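Below is one structure, written out as structure tokens; comments come after it.
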Amino acid sequence: LMGGGPGGKGAAVKAGKEATAAAEESRGKEEGGNEFLDKFKKAINFVEASGEMDYNLGNKSGTSAIGPYQLMWTTHKKNLKNMFGIESIEDFIGNEEVQEAYMDFLVKEEYPRLIKSIKKEYGPGGTKLTRNASQDWSEIGLIGDLTDEDLMALEHFLGHGNLGDYFAHK
């Protein structure tokens, strides 16, 4: 999305669309089902690591991103310690079980919680919207036709703070 990943800007949009398609396919099935989870993670992996499922993969631009989902160690280290007892980046690198379980947690619990906050702030009636001379953003919001799955992908690629900054800038 920011142009730094292997897939570039268009790939993030494609991943969001793939995640949305995956969600549409899984409609009517148990919410949080494995089919959606697997397809969403596959779409994220496609953008972050060109489909390579390498749990040792580091980030070529020098960030602390690790593995097939390029999870930022600096962003997630507190949760990883609390949830899995992971004390160092060395314990996280190559740890397939923890990387998969943590990504499952993000998709099933953390991203949905975070997008509720974004929708509350920038959706219709959003608490952080102000009047614009040409439109009343408080009535229509800024999220537009982005689905929950699109917003979850944006949470992953941008991070919650940057996503909020993006909508605040709009």
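Kindly flag which residue pairs out of Lys77/Lys170; Lys60/Lys116; Lys41/Lys78; Lys42/Lys170; Lys81/Lys170; Lys60/Lys119 have an alpha-carbon separation exceeding 28 Å in this structure. List each step's numbers first, then the result.
Values: Lys77/Lys170 31 Å; Lys60/Lys116 32 Å; Lys41/Lys78 22 Å; Lys42/Lys170 30 Å; Lys81/Lys170 35 Å; Lys60/Lys119 33 Å.
The answer is Lys77/Lys170; Lys60/Lys116; Lys42/Lys170; Lys81/Lys170; Lys60/Lys119.
Please give, to one decimal in nm, the separation of the simple spin-label points placed at Lys116 and Ile93, each 7 Å out from Cα toward the Cβ.
3.7 nm
When only DSSP loop residues count, what trypsin sites (Lys or Arg not before Pro) in region 30-100 have their Cβ near at most 14 other Cβ atoms within 10 Å?
Passing sites in region 30-100 are Lys60.
Roughly how many nanometres apart are two label points built 7 Å out from the Cα toward the Cβ at Leu158 and Ser61?
1.5 nm
Every number in this text was worked out from the coordinates using simple rules, so none of it is lab data. Keep in mind that what you see is a predicted model, and the values were worked out from it rather than measured. Please note: Cβ atoms are built from the backbone with ideal geometry, for glycine as well, and neighbour counts cover all protein chains shown.
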